[in-house]
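Novice: One structure coming up, written as structure tokens, with questions to follow.
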Amino acid sequence: FWSGHKKKQCISDITEKNGITITSSDHPFENGKLYLVMSICLTVENTGATPVYFTCYSPLYWLKAFTFVDEQKVTRVTPLLLNPGDTYNIQVGIHCKHVGCFPTTLTFEFNADPQPSSASFHIVRYIEAHCLTTLGRELAPVSPYKPRSMLVCTEESHFEITQIDLNSATTLLFTFDTSYTTLHFPFWHIRVLLESPWSWENYSEKFCVLLYLEELQLKVDICRYNIPNDRQDLTVMTVDPHNKKLLVMEVLGVSENRPSVLRGDELVVCPENERNVKYRGYVHSVHLDSVTLGFGAKLLNIFIEGMKFSVEFIMNRLTLRVQHRAVELAVTSNLRHVLFPAETSSSCQNSNLPKLTLFNRLLEKNPEQYHAIQHIVAGSSRPAPYLLFGPPGTGKTVTLVEAIKQIEKTQTNCHILACAPSNSAADLLCKRIVETHVDKHKVYRMYASCLDPRVVPEELKACSNLVGDTFSYPDKETLMSYKIIVSTMMTAGRLVTGGIPFGHFTHVFLDEAGHAVEPECLIPLAGLLDPESGQVVLAGDHKQLGPIVRSPFALQYGMGVSFLERLMCDFSLYQKQNGVFNNRYVTKLLRNYRSHPAILKIPNELFYDGELQVCADEMLRNSFCGWEHLPEENFPVIFHGVTGIDQREASSPSFFNVAEVEVLMDYVKKLMQTNGKKGMGTISPRDIGIIAPYRKQVQKIRKGLEKVGSVEEFQGQERRVIMVSTVRSSTDYLQMDQKFHLGFVKNEKRFNVAVTRAKALLIVVGNPRVLKSDSTWARYVVT
């Protein structure tokens, strides 16, 4: 039984009154609050000069965990007279069967006269018990949380962003320097521009403003983490044990993009007491709570262990500059009918679609997948993009890969560019393309130089630009010789920079398109694809995770809406007519090959109009229907309510919840104990996935589990058993979560990703009172 924390309470409620005190000799109250350990004796004492009647005491709400015993059983019917100097004891005990935090509020009533009509006064005490196992004690904070004081950014960019008034009629100019062009807008024009509906005429200007607003916010965010030389909490760097030419610097929160630091980014450090000497370093690799840095010989020659440094983070503008260029090229490349598609006549009606013999014959049994591949190969939507709307577990990527293979097989002059927002998604695409039926020498996986070479999959090294332990980039003639190039959307910008001619790529496939901002989706298109002869295919699910945008202004005016979502929501071509989609432009995959019906039910109703069909392997999806720990047989979904505590430790801003970790580990033990017994199938740790929204929670759980990841890492992945730790036990931090795009609460897309990864068993652990504050979770939570 351990201590916890609770919200600040009104100080007037806990103040001693009229000479009456309420204390505990075993454990003192702290600001009217007591952390209970097994049992405690509360002492009510009259330290005043006049008698007082103790008329009653009561918890404001009853918890089975608490017991209250007093010898004379004080009530309003049987009040107790406390003369000056008298004391009276109340025994409080706790009896827990489950881990968690158990708070209660005790109110004590006193009266100068035993008559009910006389005036009474009250004193309140707050009691909180926290039940932990041995594991919980081991996972408790290593030290009290002490946040680093954040520097208030005084850069010009901060001044500009805080002074923006979109309602102002001022004629002052707002200058946008994108490194490609400089635009001068009066403030009133910005307001009109941002509030105007999207159109081809305002497309470039509007995204220029949104990208610049996002850049201003990123500058503000990252400079808050600077550590100036006059601060007490200077950073201590150490030598990397694996490479003596590199230094390691602790950056707590870097794994949650607070601050956002990537391989190749710059940092400037200054040794303590040397204000005029600065050394520029480059990020070599990013770890959970630290970064490895490379510096020149000048710093390395004077470096000794324990040296302290001030730190200045430098925002990398490259990704934003590439997006600015893509937006401008979209206009000069005349992508109007790609970005604002309209229905056109086409000879590719259903009766004229090509008859295909698929490499993956299973897809022929799925009419949605087969017809989608036919339309993509025929280019029936051209010049409008073809959309593959793939809800969870419906085989979206498999369909995309089959379409790529069919085009490579049937169209001799094709050149295909396949992209995704993340390297993991691009790797998955490339792996499936080279598995069978495609000559590996025709496929090229192009990585960015900022990627850690150690994460490149072994099976892709031979067809990638990894040479030794560095990435190289061939000349454009070599690149143009490949039939299929796979990269992230951002890295595709190198093809433009490298001079790949306009119209070279006949097909551009964008997987997980709902997870990228629209200017990022433009990078593989603008300057590379002929909009009239080329075919664009977007695959994704706009009901799952969307783009991450930092600026509240950019979010307010539409930058958080992906290209995929904008097309699905704003254009009739991609919307249901008479209850069905037009397969010439969009296909919604309907057959879920992943999950048990109980797991799929709520997200299907909430997000997919109840259209998803359960097609998962019956034996696999039912493999936990008879598990003895299910609350309801044949219903392999568990919601385990637990009231834990949102905790942080040391200087890390990331949250964890020990009580939830204990519950999760208990379920893991139960799964391992029933492994292969009582008719249950065998299960290994690799069959279990745990999803947590905070890196510190991942860190606390990681021991003993083979696979633990954040929500982003699990999008597009699946496990036989999925456990979800929601972490939040207090509503205090929900607003912060929304700002930093953390957590599950108030984010229905994160909720959708988290609860749709499981095949046979889903276990959700969380605080029902917090989760029910969200309308989406309210459908799911059982208290």
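Novice: Checking the structure you have, find out if any residue of the stretch 353-362 is part of a helix (DSSP H, G or I) and more than 25 Å from residue 447 (Cβ to Cβ). Give the derivation first.
Specialist: Residues of the stretch 353-362 part of a helix (DSSP H, G or I): 361-362.
Narrowing further to those that are more than 25 Å from residue 447 (Cβ to Cβ): 361-362.
Yes.
Novice: Turning to a different aspect of this structure: When you go through (1) assigned to a strand (DSSP E or B); (2) in contact (Cβ under 8 Å) with a residue 40 or more places away in the chain one by one for residue 283, which number turns out not to apply?
Specialist: Result: residue 283 fails condition (2) only.
Novice: Would the stretch 573-582 turn up any residue that is β-branched (Val, Ile, Thr) and either over 28 Å from residue 379 (Cβ atoms) or touching a helix residue (DSSP H, G or I) at 6+ places or on another chain (Cβ under 9 Å) (or both)?
Specialist: No, the stretch 573-582 has no match at all.
Novice: Among the listed residues 460, 522, 495, 545, identify the single one that is farther than 30 Å from residue 220 by Cα, out of contact with any Cys (no Cβ under 6 Å at 6 or more places or on another chain) and of a type outside the set (Asp, Glu).
Specialist: Details: 460 fails: out of contact with any Cys (no Cβ under 6 Å at 6 or more places or on another chain); 522 fails: farther than 30 Å from residue 220 by Cα; 545 fails: farther than 30 Å from residue 220 by Cα.
None of the other options fit; the residue is 495.
Novice: So, in the stretch 654-687, of the ones that are in a loop (DSSP other than H, G, I, E, B) and crowded, with 19+ Cβ neighbours inside 10 Å, which residue ends up modelled with the highest pLDDT? Before you say what the answer is, go through the steps one by one.
Specialist: Step one: of the stretch 654-687, the residues in a loop (DSSP other than H, G, I, E, B) are 654-655, 657, 674-684.
Then keep just the ones that are crowded, with 19+ Cβ neighbours inside 10 Å; that gives 654-655, 657, 683.
Working: 654: 79, 655: 85, 657: 90, 683: 84.
Applying the filter and picking the extreme gives 657.
Novice: Among residues belonging to the stretch 406-463 that are part of a helix (DSSP H, G or I) and over 33 Å from the mean Cα position of the chain (by Cα), point out the one that is surrounded by the most Cβ atoms within 10 Å (Cβ to Cβ). Steps first, answer last, please.
Specialist: Step one: list which residues in the stretch 406-463 are part of a helix (DSSP H, G or I), which gives 406-410, 423-435, 440-442, 453-455, 458-463.
Cutting the leftovers down to over 33 Å from the mean Cα position of the chain (by Cα) gives us 406-410, 440-442.
On the way: 406: 20, 407: 23, 408: 21, 409: 15, 410: 11, 440: 13, 441: 12, 442: 16.
Taking the candidates together, the pick is 407.
Novice: If you check 88, 61, which single one turns out to be within 20 Å of residue 16 (Cβ to Cβ) and either in a strand (DSSP E or B) or of a type outside the set (Asp, Glu) (or both)? Break it down stepwise before answering.
Specialist: Details: 61 fails: within 20 Å of residue 16 (Cβ to Cβ).
Testing whether each residue is within 20 Å of residue 16 (Cβ to Cβ) and either in a strand (DSSP E or B) or of a type outside the set (Asp, Glu) (or both) leaves just 88.
Novice: Let me ask another. Exactly one of (1) under 27 Å from residue 750 (Cβ atoms); (2) of a type in the set (D, E, K, R); (3) touching a helix residue (DSSP H, G or I) at 6+ places or on another chain (Cβ under 7 Å) is unmet by residue 469. Its number?
Specialist: So the condition that residue 469 fails would be (1).
Novice: For the stretch 593-621, enumerate the residues that are within 20 Å of residue 542 (Cβ to Cβ), part of a loop (DSSP other than H, G, I, E, B) and of a type in the set (Phe, Trp, Tyr).
Specialist: 608
Novice: Give the residue that is surrounded by the most Cβ atoms within 10 Å (Cβ to Cβ), with candidates limited to residues of the stretch 114-135 that are at pLDDT below 80 and part of a loop (DSSP other than H, G, I, E, B).
Specialist: Ranking the candidates gives 132 first.
Novice: State which residue pairs qualify: first residue assigned by TED's automatic domain parsing to the domain that holds residue 671 and inside the stretch 616-631, second residue surrounded by fewer than 17 Cβ atoms within 10 Å (Cβ to Cβ) and among the small types (Gly, Ala, Ser) in any location, beta carbons under 7 Å apart, and separation of 6 or more residues or different chains.
Specialist: Listed pairs, sorted by first residue: 623/681; 626/679.
Novice: Pick out, from the stretch 465-533, the helices (runs of 4 or more DSSP H) lying fully within it that include 1 or more residues that are surrounded by fewer than 21 Cβ atoms within 10 Å (Cβ to Cβ), without any contact (Cβ under 8 Å) to a residue 40 or more places away in the chain and in the same structural domain as residue 562 (by TED's automatic domain parsing). Please lay out each step first, then the result.
Specialist: Details: elements: 476-480, 493-497, 518-522.
Helices (runs of 4 or more DSSP H) meeting the threshold: 476-480, 493-497.
Novice: Check residue 283 against each of (1) at pLDDT below 90; (2) surrounded by fewer than 21 Cβ atoms within 10 Å (Cβ to Cβ) and name the one condition it does not meet.
Specialist: Answer for residue 283: the failing condition is (2).
Novice: Among what's in the stretch 541-571 and is at pLDDT below 95 and polar (S, T, N, Q), pick the residue that is nearest to residue 211 (Cα to Cα).
Specialist: The residue in question is 551.
Novice: Check whether at least one residue in the stretch 592-604 is over 14 Å from residue 757 (Cα atoms) and hydrophobic (A, V, I, L, M, F, W, C), and report yes or no.
Specialist: Our first condition is that a residue be over 14 Å from residue 757 (Cα atoms); within the stretch 592-604, this holds for none.
No, because not a single residue in the stretch 592-604 is over 14 Å from residue 757 (Cα atoms) and hydrophobic (A, V, I, L, M, F, W, C).
Novice: Within the stretch 236-262, count every residue that is touching a His at 6+ places or on another chain (Cβ under 7 Å) and at pLDDT below 90.
Specialist: Residues flagged as touching a His at 6+ places or on another chain (Cβ under 7 Å) and at pLDDT below 90 within the stretch 236-262 amount to 0.
Novice: I want to confirm something. Restricting to the stretch 136-147 and keeping residues that are within 12 Å of residue 647 (Cα to Cα) and touching a Phe, Trp or Tyr at 6+ places or on another chain (Cβ under 9 Å), which single residue is surrounded by the most Cβ atoms within 10 Å (Cβ to Cβ)?
Specialist: Ranking the candidates gives 139 first.
Novice: Please work out which residue is farthest from residue 259 (Cα to Cα), limiting yourself to the stretch 290-326 and to residues that are basic (Lys, Arg) and within 29 Å of the chain's Cα centre (by Cα).
Specialist: We begin by selecting, within the stretch 290-326, every residue basic (Lys, Arg); these are 298, 308, 317, 321, 325.
Then keep just the ones that are within 29 Å of the chain's Cα centre (by Cα); that gives 317, 321, 325.
Working: 317: 15, 321: 20, 325: 25 Å.
So the residue we want is 325.
The values are calculated or read from the model by the stated rules, or taken from the named source; none is laboratory data. Quick caveat: nothing in here was measured; it's all calculated off a predicted structure. A quick note on method: Cβ atoms are made from the backbone with ideal geometry, for glycine too, and the neighbour counts reach across all protein chains shown.
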